[in-house]
Amino acid sequence: MRGIQKGMRNWITSFRRARTAMQGLREDPDRTEFVNEIVEALDMGRRRSFEAKIWGSAEARRLLRERPCFDAEHVDLAELAQLPEGSFGRTVAGWMRSEDFQPGLEGPEVTGEDDRAYMARRLANVHDLWHVLSGYNRDPMGELGVLAFSLGQFRSNAFAFIVGNILWRSSVDHWRNRRGFVTPLFPYLYRALRAGRRAKRLVPLILEERFPRPLDEVRRELRIDPLRASFAPEGMPPIAAPVSPAA
C-alpha cells in the first residue's frame, strides 16, 4: 500500500511539473526548454525500456561505437552546400542557412560522456534532420508536426501530453467559435503521427552518411512520406493561442 501511495504522489508531482511547463510553452512556443522540462517530468520512468528497444539493434551498436556528432563543431554547412543539388545534405545546409542557425546549438544541455548522455545529445541534435526528412518547418505548427511524427516513431508520454493538450485546447476554441468540434489540427496531427509510425526507426541510424544522396531517395529508403505543402488554414492559431471569433 505504501508503494502505491508513493507512486501516486510521484505521478501527481510529475503531472503538475508537466502542466506548469505546458502553460509556459503555450505562452511562448519558441521556448524549447519547456519541452525538455515535460520530457524530464513524464518520460524518465520509460527511459530504460526505450533504451532497451533502441540499443539492441545492430544500427544502434554501430552508432554508439562510431559516435557521429551533428553539431557546429563537426559539421560545416559550407561543405554541405557544395553537395549536388537536391541532395539531403545540401537541402539541410540551405534550410539551416535560411533559418539562420547552426547544427546542434539549440538542443538541451547534456553533460557526461557515457552512452546515455551521448544518445540524449544525439537525439536532440538530429531533431533538425527530422525536420528536413519529414517536411515540417521550424514555425510552431512545424514543431508540432515533428512532435507528432516523433510520437509515431517511439512512445513518449511527454510528446503525447503536449500533442493531446494542444489538440484539446484547439478543439475547445473551435467549438466556442461555433465552427464545430473537429479542428483542422486533427487531420494534420494524424497525418504526422501516421508518417512517423510508417517510417523506419530513425533514432539508431547514422543519417549523416546519407547526405550526398538525393533527398527523395533517402526518404524512400526510410519510408518517410513528407509533408509537401505548408499547413496554415485561415484563422488557425500558432499552437494553442485563442482564436478570435472574427478570425
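Every read-out reported here was derived from the displayed coordinates using simple, explicitly stated rules and does not represent laboratory data. Since the model is a prediction, treat every value here as computed from it, not as a measurement. Every residue, glycine among them, receives a Cβ derived from its backbone with ideal geometry; neighbour counts consider all protein chains shown.
Could you grab the relative contact order for the stretch 46-221? Cα pairs under 8 Å, six or more apart, rounded to a whole percent.
Contact order relative to length: 29 percent.
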Practice task
Compute the FRET efficiency between residue 82 and residue 206 as 1/(1 + (r/R0)^6), taking r as their Cβ-Cβ distance and R0 = 22 Å, and round to the nearest 0.05.
Solution key: 0.60
Handout entry: Gain on full stretching of the segment that runs from residue 65 to residue 182 - 0.36 nm per residue minus C-alpha separation
Key = 37.4 nm
Problem - residue 114-residue 198 FRET efficiency (beta carbon distance; Förster radius 35 Å; 0.05 resolution) - result: 0.60
Problem - Distant-in-sequence amide H partners of residue 87 (H built 1.01 Å from N, under 5 Å) - result: 215
Fill in the blank from the handout: Burial-style ranking of 205-218, 85-98, average other-beta-carbon count within 10 Å with highest first, yields 85-98, 205-218
Exercise for the section: Residues in the stretch 164-199, backbone N under 18 Å from the label point at residue 27 (7 Å along the Cα-to-beta-carbon vector): list them, ranges by number please. Expected result: 166
Problem - Proxy reagent accessibility, fewest Cβ within 10 Å first, across 74, 174 - result: 74, 174
Fill in the blank from the handout: the stretch 46-221: Kirkwood hydrodynamic radius (Cα pairs, Å) comes out at 17.5 Å
Fill in the blank from the handout: For the stretch 183-190, Karplus-derived ³J(HN,Hα) couplings (6.51, -1.76, 1.60; θ = phi - 60°; whole Hz; x for glycine and proline) come out as 6, x, 5, 4, x, 4, 6, 5
